[in-house]
Structure formats: structure tokens, C-alpha cells
Amino acid sequence: MTDHNEKYYVPEQSPWPIVGAIAFFLIAVGAGNLVAQISQSGTGGWGRYVLYTGIALIIFMLFGWFRDQIKESTTGMHNHQLGVSYRQGMSWFIFSEVMFFAAFFGALFYTRTISVPWLAGAGNNAMTAAVLWPNFEAIWPLTTTPSGQTTEAMGYQGLPLINTLILLVSSITVHFAHTGLELNKRGQLKVMLAITVLLGCIFLALQVMEYIHAYRDLDLRLDSGVYGNTFYLLTGFHGLHVFLGTVFLFIMLLRIFAGHFDSSNHFAFQAASWYWHFVDVVWLCLFIFVYIL
Amino acid sequence: METSLPTHSDNHAAHHGPAKGIKRWLFTTNHKDIGTLYLWFAFIMFLTGGAMAMVIRAELFQPGLQIVEPHFFNQMTTVHGLIMVFGAVMPAFTGLANWLIPLMIGAPDMALPRMNNLSFWILPFAFLILLMSLFMEGGGPAFGWTFYAPLSTTYSGDSTALFVFSVHIMGISSIMGAINVIVTIFNMRAPGMTWMKLPLFVWTWFITAYLLIAVMPVLAGAVTMVLTDKYFGTSFFSAAGGGDPVLFQHIFWFFGHPEVYIMILPAFGIISAIVPTFSRKKLFGYSSMVYATASIAFLSFIVWAHHMFTTGMPVAAELFFMYCTMLISVPTGVKVFNWVATMWRGSISFEVPMMFAIAFIILFTFGGFSGLMLAITPVDFQYHDTYFVVAHFHYVLVTGAIFSLIAATYYWLPKWTGVMYDNKLAKWHFWCSLISVNVLFFPMHFVGLAGMPRRIPDYSIQFADWNQIISLGGFAFGLSQLIFLALLIKACRKKGEPVPAKVWDGAEGLEWDLPSPTPYHTFSTPPKIK
């Protein structure tokens with residue numbers, strides 16, 4: 001909208017999107033087949049190979065696409081306006097991710113405040129409760145489901161609390177990495193970013209330990225009623241995002257060691273750090289609503 | 001708005017033509033190519049979904065079971081709905097957005113052209129998966145396009161996983177498309193193209209894109225929960241584990257109601273472009289149109305449970321959703337009023353786009369009125385899941401969304417191809433469509449009010465007469481679209497009278513200052529807007 005766009009930049013044709021589309025196709029067919037076969041026979045058939053091919057292809061696509069992109073960026077083909085487009089695009093992408101998590105938080109709030117009390121007879125449901133499951137009590141965490149399946153609740157002390165601190169600290173370190181980049185302090189940038197990546201890895205390792213603890217000691221499983229469902233889907237999708245964010249930041253670290261980015265031109269780094277802050281905020285909501293309350 | 005265009009020698013850098021052969025379409029980053037791909041894909045899907053509707057109407061031609069098994073009938077209703085919503089209407093509007101938004105705001109292309117290509121090309125694959133699943137053992141999805149639990153969890157077939165992943169891909173495509181549109185409008189407007197100078201098609205798409213980014217991820221969440229409930233033992237939608245099948249409906253309709261406006265807001269933008277052109281007047285109440293669109297978008301988030309009045313929600317909730325729903329008729333009424341006021345004392349001419357636009361205004365309003373009836377909670381108890389509902393949403397989607405898409409095609413097709421379409425065929429297409437669509441959907445109100453349930457392959461004998469008429473209307477409407485196909489092929493092969501830059505003498509907007517057909521690259525340097 002200002003004088004930055006005296007001359008527009010329109011990118012050349014690219015083969016990568018169609019490669020990505022084929023990869024999506026293979027992943028969907030493979031995963032669809034694998035899931036159906038596992039539920040029938042307990043083992044996967046050809047679906048898994050299609051899935052793996054798809055995942056390999058999408059990684060190949062990402063490398064190719066971003067390699068072209070980096071080449072164009074470092075040879076100065078991108079202009080200010082394109083940078084703004086990228087930043088706005090990333091912001092809207094993060095907003096869409098927020099809405100994805102909102103669906104699962106919505107399910108959590110609904111089951112806690114509506115479906116579980118109703119099943120125990122709240123509102124005008126006294127007869128339903130009396131006829132269906134007269135012994136069912138509405139408590140949260142739902143350690144005994146209406147059908148009688150039992151589990152133990154995961155407390156917030158211990159691993160979850162440590163993980164909260166780790167993510168909070170990592171959000172601070174990634175911020176200082178960012179200021180390091182903006183002030184051209186490459187040393188601070190490298191150290192702070194490396195610490196962030198390390199903290200991301202520690203978080204993931206601790207979460208794996210937490211899952212093992214949940215399955216082995218608490219009998220808290222994915223199929224342990226809505227408490228287990230919401231617990232694993234929320235923390236699981238969050239963990240997946242931490243994993244992707246860590247990979248994203250790690251690639252930024254490699255690029256920084258390769259001498260990429262300067263104080264004014266660092267969209268990819270900025271996107272990675274925004275993503276990391278987003279993952280951190282989601283975790284804070286998780287910690288409050290899944291673990292503490 | 002007055003514009004001064006740069007001369008052609010200014011933008012030699014981007015002035016090479018399209019690539020040769022198939023590479024042009026596979027690797028393209030050009031908004032016009034991608035728009036064309038979207039539009040043709042949507043039209044092919046429209047014919048595919050239409051063929052399924054023909055199967056439905058053939059089976060319902062008389063009571064009893066004649067042609068298809070009930071299970072196959074259910075697959076037809078399901079896939080017809082999915083294809084028409086996600087494969088026809090939404091991609092067609094995205095195609096129009098691709099073609100028109102850069103031209104209307106003076107941008108060289110969409111903001112993120114390569115992602116634009118990706119968001120198109122994953123779409124045919126998603127529908128390939130969906131259609132392939134019909135041929136699987138046990139058949140394709142048969143639980144209705146709304147895939148209510150437990151139909152989609154406990155009682156669904158093996159193809160459910162493929163259904164889930166294909167919906168994921170459709171969602172990814174829509175989100176990427178919407179991000180592209182919204183960033184284009186924010187960041188690519190030519191200098192001087194201020195917000196309140198934007199054509200209404202751009203405004204309505206801007207708000208639509210926001211709705212898409214907000215609700216498509218919620219749909220992804222819903223299908224993910226269906227997947228885990230079916231295959232991984234979770235019980236989000238099963239009371240035995242503390243969940244609730246009604247939770248599915250809440251999540252689905254939190255997506256589904258804004259989705260309804262995703263399919264109609266761009267239509268409002270199209271009608272707001274066509275009516276002033278052929279009335280030779282400025283649009284009445286431009287700013288109120290913008291605020292009305294925004295109000296509808298806001299309200300669309302707080303009305304979803306009007307699809308669920310019969311699920312036994314607390315009375316307070318039913319009342320809240322009833323009143324909020326009825327409130328939507330206020331901004332919608334503003335729009336209809338403004339279109340009519342635009343025509344008032346205009347020197348109207350009845351070219352085919354205008355005829356479809358006028359049909360839209362009348363028939364969409366009609367569909368809106370039956371929507372108001374459905375919004376009234378106690379009355380909805382009777383209407384719920386009857387053909388009255390089918391009549392309502394086909395009036396707003398076929399004579400609403402689809403008619404606006406056809407109107408848009410006639411309106412901008414000469415600009416795209418450089419030749420005038422075959423006016424005789426177009427008039428045949430209009431009158432055949434208009435008459436048959438009303439024969440098709442109008443009597444559905446009667447059988448619905450009389451209690452005929454939807455999604456059932458058989459019916460009580462007293463509905464037979466009207467159902468025969470409905471089916472005849474259906475076949476006629478289906479055949480009428482083949483006229484459109486012939487017309488489109490003819491226009492794309494450039495058979496017809498060449499048209500000037502300003503195809504319609506009353507038209508306003510940047511796109512009408514460009515030559516017809518539009519060059520492959522436009523606005524490589526920004527136009528000056530006064």
C-alpha cells in the first residue's frame with residue numbers, strides 16, 4: 001500500500017506444489033487404508049508403505065520448495081511487499097491452528113460441564129441417569145466412566161509442571177535469540193536458539209516419559225473415556241506441534257550457522273519464533289484446563 | 001472509480017505468455033490459470049454431484065424400492081452433498097476469487113502464488129479419494145454429508161478413514177485458499193484502493209475468507225474425533241465413556257453454520273456487482289452492504305444450534321439460538337432492500353447475467369423466508385428432517401449460490417475469453433433452469449409439511465404425485481445444465497463476437513479497463529486509482 005511496491009514480484013512457475021499434492025494423496029490413501037486394516041486385523045497391509053512414500057515425498061517437496069525459496073531470497077529477488085505477505089500468511093495460519101485446538105478445548109469444556117453432569121442426572125436428566133447408569137457419579141477428572149471403566153487422573157505436579165517451566169523458559173530464550181538477530185549479535189542468537197531447540201527436545205522426552213507413566217502406572221489410556229480422550233488428543237496434538245516447532249527452529253539454527261538472515265531479512269526465523277510462542281500459549285491453556293482444573 | 005493505466009511497455013518484465021502444454025496447468029502460479037482450473041473443476045464436480053442427484057430422484061420417482069439398494073441410496077445422498085458443498089460451490093467461488101480479486105484491486109497476482117497452486121491441486125486428489133471409496137467393499141460414506149455420530153462412528157463402513165482424510169485435504173485446501181485471499185486483499189491493493197473503495201465482491205470474499213480460516217480447522221477437529229472414536233476407542237460421541245453424540249452436532253454445526261455463509265456471502269458480492277451494471281445506477285447503500293456482510297458473519301458464529309432444536313437442549317439455549325437466528329434476517333433484509341433500491345428507477349436491461357441476478361434476489365429471498373420458518377423452535381419440531389428442510393436449503397444453495405455463480409460466469413466470461421457467449425443458448429439455459437428448478441424444489445415444501453422424511457429411499461404412497469413432479473423437474477434441471485456446458489465449451493473455443501474492454505456499458509471496476517480477453521499478466525505495475 002505504500003511506495004515499497006513500485007515494482008511487483010511474481011514468482012516463476014514451480015513443480016513443487018504438484019509434488020506436494022501427490023504426497024498429500026499418498027498420505028491420505030495410505031493412512032486411510034492403514035487405519036482401516038489395523039482395526040480389522042491388528043496389522044497394517046500395503047497402506048503403510050503408501051503412507052511412508054507419501055511422507056518421504058512431502059519431506060522431499062519441502063526441501064525442494066524451500067531450497068528454491070531460499071535461493072530466490074538470498075539473491076535478492078524478494079521485495080518488502082512479499083515479506084509482508086509471508087508474515088500475514090503465517091499469522092493467519094497460526095490463527096487457523098488456534099481454531100483447530102479450539103475444537104478440542106470445546107469438546108473438553110462440553111464434556112466437563114454438560115455431558116458428564118447430564119449423564120449423572122443433572123438438569124432434567126434424572127430419569128435417564130436412573131435408567132441407564134444409576135451408579136454413575138459426575139466427577140472430573142472422570143476416573144470412572146458410565147460403563148464402569150476406571151483410570152487414575154494425571155496430576156499437574158512433577159513432569160507437567162517441569163514441562164510448563166521448560167516451555168516458558170524456551171519462549172524467553174527464543175525471544176532473546178530474536179533480539180540477538182535484530183541487534184546483529186550472532187553469538188547471542190546462536191546460543192539462545194540452540195538452548196531453545198534443546199529445551200524443545202527435553203520437553204518432548206519428558207512428555208514421552210509422562211505418557212509411559214500414564215499407561216503403565218495410572219492405566220490412563222487413549223480409550224479411558226472422555227478424560228483420557230481429551231487428555232491424549234489435546235496433549236498429543238500439542239506434542240506434535242512442539243515436535244514440528246522444534247524441527248522448524250532446528251532448521252533455522254542450521255541456516256544461521258550457514259550465515260543466513262540479517263537484522264532486516266529473516267522471515268523464516270520470525271515465523272518459527274511466532275510458531276513457538278503459539279505452541280507455548282497452547283500449552284499454558286492445556287496446563288490450566290487439562291492438568292490443574 | 002477513475003483509473004489511469006500504465007502503458008504496455010512499462011511492464012515488459014512479466015510479459016511473457018503462458019508455458020506450453022500440460023506444464024502450464026500443473027506448475028502454474030498465474031491467478032487466471034488457477035482460477036480457470038478451479039472453475040472447470042467445480043463445474044465437473046457440479047455435473048458429478050448432479051448425476052448423483054439424478055439417481056436419488058430416479059429412485060424417488062415412485063414409492064417402493066426400484067433402482068438402487070437403500071445403502072447405495074444413502075451413499076448417493078451423502079456424496080451428493082459433500083461434492084456439491086466442498087467440490088462445486090466452494091471451489092467455484094474460490095475460482096472466481098482467483099480470477100477477479102487481483103483484477104479488481106489492481107494486483108499482479110495473488111499474494112502467495114505457489115501456495116495457490118498447491119491449494120488447487122490437492123482438491124482433485126481429495127475428491128478422487130472420496131469417489132474411489134464408493135467402489136470399496138462395503139461402499140463409500142453413507143451417513144449423510146453431516147456425518148452425525150454414531151452413524152459415522154459405530155455404524156459406518158471401512159471407507160470412513162478415507163472419508164476423514166479426504167475431508168482433511170479439502171479443509172487444508174480451503175484454508176490455504178482463504179489465507180491467500182485475505183493476504184491478497186490486505187497487502188496487494190493498488191495504492192489508493194482504500195477499504196471503502198473495494199468492490200463488494202472483494203469485501204464479501206474478505207469476510208468469507210475470515211470465516212473459512214476460523215471454521216475449517218474446527219471441521220478438521222470434528223473428523224479427527226470421528227476417526228479416533230471409530231478406530232482408536234475414544235468416546236467423544238459415546239455416552240458410555242462420558243461423551244455425547246450431541247457434542248458431535250455442536251462441533252459440526254459450529255463449523256457448519258458459518259459454512260452456510262461461506263457459500264452465500266460471495267454470492268452477495270456477485271449480485272452487488274451485476275445489479276448496478278444493468279440498472280445503470282450506483283449500488284444503493286454501499287457502506288450498509290459492507291456492515292451487513294460483517295454482521296451476518298458475526299451472527300453466523302452464534303446460531304449453530306438452530307440445526308439441533310430437536311436434540312433436547314435446555315429451553316434457554318433453544319430460545320437464544322432462535323432469536324439470534326431470526327436476527328440474521330435484519331442484515332440480509334438490508335441487502336435485499338439495497339438491491340431492489342438499486343434497480344428502482346434504473347434504466348434496466350435484461351441481459352442474461354441480470355436475469356439470473358434477479359432470479360437470485362427473488363428465489364434466495366424465498367429460501368430465506370422458509371429459513372425464518374425453520375428458525376422458530378416449536379415449529380421446527382415439525383419441520384425437522386423433512387423435505388421442507390431440503391426445499392429450504394436447495395432454494396438458498398441452488399437458486400442462491402449456484403444461480404449467482406452462473407450469473408457471475410455470464411457476467412465475466414466475455415472478459416475472460418474475449419468473445420460474447422451465445423446469447424440464444426444462454427436464454428434457453430436461463431428459462432429452462434428457472435422453470436425446472438422451481439418444479440424441482442417448490443413442491444418439496446408441500447411433501448415436507450405433510451411429513452415426508454428426508455434421506456429415505458422409500459415413502460408413503462400419498463407423496464407419490466408430488467414426488468413424480470419433483471423428479472421430472474430434477475431431470476429437466478439436470479439436462480438444462482448441459483446447455484450451459486455446450487455454451488461454455490463454445491465460449492472457451494472463442495466462437496463468438498469479439499467484445500470491447502468494457503463489455504457492459506454500465507459496468508464499473510478496474511477489470512473493465514483491461515483489454516478483453518485479459519492478458520496473461522496484468523497490473524505488473526500498480527494502476528493509479530483516483
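Brief remarks follow.
- Principal axis dimensions, largest first and in whole angstrom, of chain B by Cα: 70, 49, 46
- Alpha-carbon geometry of the range B:63-220: the Rg and the Dmax are 18.7, 64 Å, given in that order.
- For the range B:486-493, putting each phi into the Karplus relation 6.51 cos²θ - 1.76 cosθ + 1.60 with θ = phi - 60° gives couplings of 4, 4, 5, 4, 4, 5, 5, 8 Hz, in residue order, rounded to whole numbers and with x for Gly and Pro.
- Virtual spin-label span in nm between B:L449 and B:K528, 7 Å along Cα→Cβ: 6.2
- Couplings for the range A:132-144, taken from phi via the Karplus curve 6.51 cos²θ - 1.76 cosθ + 1.60 with θ = phi - 60°, read 7, 9, x, 8, 6, 10, 7, 10, 10, x, 6, 8, 10 Hz in order; Gly and Pro are left as x.
- Ellipticity estimate at 222 nm from DSSP helix runs (n ≥ 4, -39,500 (n - 2.57)) divided over chain B, nearest 500: -21500 deg cm²/dmol
- Sorted from greatest to least, the principal axis extents spanned by the alpha carbons of the range A:79-292 come out as 69, 37, 20 Å.
- The amide H of B:K528, built 1.01 Å from its N in the peptide plane, has B:S4 as neighbours under 5 Å, considering only residues 5 or more places off or on other chains.
- Modelled this way, with points 7 Å down the Cα-to-C-beta line, the labels at B:F337 and A:I212 are 6.8 nm from one another.
- Linear extension gain, A:K185 paired with A:Y156, 0.36 nm per residue minus alpha-carbon span: 6.6 nm
- For B:M420, nonlocal amide neighbours, meaning residues 5 or more places apart or on other chains whose placed amide H falls under 5 Å from its own, are B:E497, B:V499.
- Separation in nanometres of the label points that stand 7 Å from Cα toward Cβ, at A:Y49 and B:L327: 5.8
- Share of alpha-carbon pairs per 10 Å distance bin for the range B:395-530, given as whole %: 11, 31, 25, 16, 11, 5, 1
- The range A:205-293: C-alpha gyration tensor shape, a/c 1.5 cut-off, then a/b vs b/c: prolate
- Scaled against the 2.2 N^0.38 Å expected of a compact globular protein of N residues, the Cα radius of gyration of the range B:201-291 reads 1.59.
- Cleavage-rule hits (chymotrypsin sites (Phe, Trp or Tyr not before Pro)) in the range B:116-152: DSSP loop, at most 13 neighbouring Cβ within 10 angstrom: B:F135
- Binned Cα-Cα distance frequencies in the protein assembly as shown - 10 Å width, integer %: 2, 12, 22, 25, 21, 12, 5, 1, 0
- Couplings 3J(HN,Hα) of the range B:342-351, computed from phi: 5, 6, 4, 6, x, 8, 7, 10, 9, 6 Hz, in residue order, whole Hz [Karplus 6.51 cos²θ - 1.76 cosθ + 1.60, θ = phi - 60°; x for Gly and Pro].
- Normalised Debye scattering of the range A:244-293 at q = 0.25, 0.30, 0.31 Å⁻¹ gives log10 I(q)/I(0) of -0.88, -1.06, -1.09, counting only Cα atoms as equal scatterers and leaving out solvent.
- Residues whose placed amide H lies under 5 Å from that of B:S516, excluding near-sequence neighbours: B:A501
Read-outs throughout are calculated quantities, based only on the coordinates presented, and are distinct from any laboratory measurement. Computed from a prediction, not measured in an experiment: that's the story for all the values here. Cβ: placed from backbone, ideal geometry, glycine included. Neighbour counts: every protein chain shown.
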